[in-house]
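The values are calculated or read from the model by the stated rules, or taken from the named source; none is laboratory data. Owing to the predicted nature of the structure, the values given are computational and were not obtained by experimental measurement. In this analysis, Cβ positions are derived from the backbone assuming ideal geometry, glycine residues included, and neighbour counts consider all displayed protein chains. The accessibility values were calculated without ligands, DNA or RNA, using every heavy atom of the protein model including side chains. Shrake-Rupley method; radii C 1.70, N 1.55, O 1.52, S 1.80 Å.
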Amino acid sequence: MTGPAPRTVLLLHAYPLSAAMWDDQRAALEAEGFRVIAPNLPGFGGEAGAITTLEGAARDLLGTLPEGGPLAVVGLSMGGYLALELLRQAPQRFARVVLADTSLRADDPEKTEDRREQADRVEEEGRDFIVEAAEKEHSPATFRRVRPMIESASREGIAGALRAMAVRGEHRDTLRGLEVPLLVLVGEADEITPVELAQEIADAGRGELRVLPGAAHLSNLDNPEAFNAALLKFLR
């Protein structure tokens, strides 16, 4: 089942960034006549509050989405985890799905503990160590763009998102039940959610996998031209 092509696109941002990470995609989509919804999740981009669970965040978000007409959802990294939860709760709301640089798996015990330790640390020390880690992880050009987004996130927001991600469930069955087209995007140099995890998503959801050259974990920022080309081709 494919259904009508959506003209409204929901963009879900990565941790610990904000909706500003989608500026290039928003411009490209709006130039093609799409309506774009790109919320700042609680605790990010100056938004108050914090995520407590991804299940709750998805329920809250569903209550804000426009009724009528098909939607496309695009989620990258944490935004992909949230997109999967939206699909679990309300698959009928979405006509196209794009999952980028993310995973269908739950965290293993080591990663769960690491996220909880980071959450405690950010509450005690602030976000400076997260900024320092991002500088090591990303190219200079990408880091220049993400630094102000990280610095706009609250301690409460960062800690809440870390704890929510640590306890999220696996979504293999969500993808097996998916009845709409799926595009999976991943940076060729993504070491956090590498190509093999992207292939796992594509296989589970019977989707198309596109590996983006010259990109790492934030593929939409590392290679926006390739990301946008793949996205627009899929949504048209």
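Summary table
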| read-out | value |
| --- | --- |
| Restricting the stretch 199-211 to residues that are out of contact with any Leu (no Cβ under 6 Å at 6 or more places or on another chain) and hydrophobic (A, V, I, L, M, F, W, C), the residue that is surrounded by the fewest Cβ atoms within 10 Å (Cβ to Cβ) | LEU209 |
| Of all residues making up the stretch 191-236, the number that are under 25 Å from PRO70 (Cβ atoms) and part of a loop (DSSP other than H, G, I, E, B) | 3 |
| Scan of the stretch 28-61 for residues that are assigned to a helix (DSSP H, G or I) and open to solvent by 60 Å² or more (accessible area, probe 1.4 Å), ordered by number | GLU30, ALA31, GLU55, ARG59, ASP60 |
| Tally of residues being over 19 Å from the mean Cα position of the chain (by Cα), modelled with pLDDT of 95 or more and among the hydrophobic types (A, V, I, L, M, F, W, C) across the stretch 1-33 | 1 |
| Leading residue by the ranking (most open to solvent (accessible area, probe 1.4 Å)) among those in the stretch 73-99 that are closer than 18 Å to GLU200 by Cα and charged (D, E, K, R) | ARG88 |
| Where a residue in the stretch 154-175 is acidic (Asp, Glu) and its partner, wherever it lies, is open to solvent by 10 Å² or more (accessible area, probe 1.4 Å), with Cβ under 8 Å and at least six apart | GLU156/GLY49; GLU156/ALA50; GLU156/GLU123; GLU170/ARG105; GLU170/ALA106 |
| Residue within the stretch 100-109 that is without any contact (Cβ under 8 Å) to a residue 12 or more places away in the chain, over 30 Å from VAL180 (Cα atoms) and surrounded by 15 or more Cβ atoms within 10 Å (Cβ to Cβ) present | no |
| Where a residue in the stretch 177-188 is open to solvent by less than 10 Å² (accessible area, probe 1.4 Å) and its partner, wherever it lies, is among the basic types (Lys, Arg) and modelled with pLDDT of 95 or more, with Cβ under 6 Å and at least six apart | LEU185/ARG210 |
| From the options ARG35, ARG88, residue that is touching a Ser or Thr at 6+ places or on another chain (Cβ under 7 Å), basic (Lys, Arg) and without any contact (Cβ under 8 Å) to a residue 60 or more places away in the chain | ARG35 |
| Residues within the stretch 1-27 that are closer than 25 Å to THR142 by Cα and in a loop (DSSP other than H, G, I, E, B), tallied | 6 |
